[in-house]
1. Quick check on my filter: what residues within the range 156-181 are assigned to a loop (DSSP other than H, G, I, E, B) and more than 16 Å from the ligand (Cβ to nearest atom)?
2. Please find, within the range 57-79, the residue that is most open to solvent (accessible area, probe 1.4 Å) out of those that are within 16 Å of the ligand (Cβ to nearest atom) and under 22 Å from Asn282 (Cβ atoms).
3. Could you list, in sequence order, the residues of the range 124-138 that are open to solvent by less than 50 Å² (accessible area, probe 1.4 Å) and either in a loop (DSSP other than H, G, I, E, B) or within 11 Å of the ligand (Cβ to nearest atom) (or both)?
4. Among the candidates Gly213, Gly220, single out the residue that is surrounded by fewer than 24 Cβ atoms within 10 Å (Cβ to Cβ), under 27 Å from Ala186 (Cα atoms) and in contact with a Gly (Cβ under 7 Å, 6 or more places away or on another chain).
5. Exactly one of (1) assigned to a helix (DSSP H, G or I); (2) among the charged types (D, E, K, R); (3) touching a residue at least 60 places away in the same chain (Cβ under 8 Å) is unmet by Asp121. Its number?
6. I need the full set of residues from the range 241-283 which are away from the ligand (no atom under 16 Å from the Cβ), touching an Asp or Glu at 6+ places or on another chain (Cβ under 6 Å) and within 20 Å of Val150 (Cβ to Cβ), in order please.
7. Within the range 10-21, can one find any residue that is open to solvent by 70 Å² or more (accessible area, probe 1.4 Å), within 27 Å of Val267 (Cα to Cα) and free of Cβ contacts under 8 Å to residues at least 24 places away in the same chain?
8. So His91 fits all but one of (1) within 30 Å of Glu154 (Cα to Cα); (2) more than 15 Å from the ligand (Cβ to nearest atom); what number is the exception?
Amino acid sequence: MAATIIDGQAVADRMRAAIKDEAGAFAAQHGYPPGLGVVLVGDDPASAQYVRMKRRACEAAGMASFASILPASGTQEEVDNAVRVLNDDPHVHGILVQLPLPPQIDEERILRLVSLNKDVDGFHPENIGLLAMKGRDPLFTPATPTGCMVLLREAGANLEGANAVVLGRSNIVGMPIALMLMKANATVTMCHSRTRDLPGVVRGADVLIAAIGRPNFVKGDWLKPGVTVIDVGTNKVDDPSDPRGYRFVGDVDFEAALPVAGAITKVPGGVGPMTITMLMANTLKAARRIAG
Ligand code: GUN
């Protein structure tokens, strides 16, 4: 039987409608909407595209968005100042510093500078530390992994005691989702470029999170029948049959996985729409915490 498709777009649309209602109620009560401030340094096209998408989504949900855009040559002091201005602005409730930052910028220093109350990306070392600790909870959790957890819940995945395999150990996705899965009582294995017998490890997974950024990397015969697959990869590949000349594919060979998996996300239309949705949910939460 073919896998159930986990429709991230539908889940995101439903959540965004609820967020829009709540943002409207917040604005009616306070006279101004919840606001997200974004710091973008440099002109990386993918980062610029993410920032545009975040801005549009905020506006569609009745939230304000504030962008601080600095050139790739921006100095530490300039980026520090951009964060400080957003920290001090009462109409900004959430702050996101788009990553990666150019090499001359100290990323950890910047993430530490974001006010804890406005850390809607959940990347402040204190929030990540709280996520890692048993019995503690961060104020905010990172958007993409939080979206993955929502999709796992939507798919009805039973995480209690499940073997969860995470491919990729990035600070943005792999590391935080491993911590979240552990908090949900899964038995978590983290894989990376030096993992031995990757197919063998993946074959043990009841839940697979693929976040390595390599097109169609995971093959169908690596999957345990019935596995729930969350594909975080968004890889641009050439496709002469597409009018654009390219298309996006995930880290998992979708066609090969379909007859084996129990449930799987699509790319695009899976995790992608959830990331911005969770960021907006965090911004609304931050606005409520700050303004009441
Ligand atoms: N770059 C890629 N994904 C993300 C994200 O979720 N947050 C930030 N701040 N930067 C990113």
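1. Gly156, Ala157, Asn158, Leu159, Glu160, Gly161, Ala162
2. Ile69
3. His124, Pro138
4. On the way: Gly220 fails: in contact with a Gly (Cβ under 7 Å, 6 or more places away or on another chain).
Only one candidate qualifies: Gly213.
5. (1)
6. Hits for the range 241-283 are Val252, Thr265.
7. yes
8. Every listed condition holds for His91 apart from (1).
The values are calculated or read from the model by the stated rules, or taken from the named source; none is laboratory data. Fair warning: this is a prediction, and the values are worked out from it, not measured in the lab. In this analysis, Cβ positions are derived from the backbone assuming ideal geometry, glycine residues included, and neighbour counts consider all displayed protein chains. Areas reflect the complete protein model, heavy atoms only, side chains present, ligands, DNA and RNA absent. Shrake-Rupley method; radii C 1.70, N 1.55, O 1.52, S 1.80 Å.
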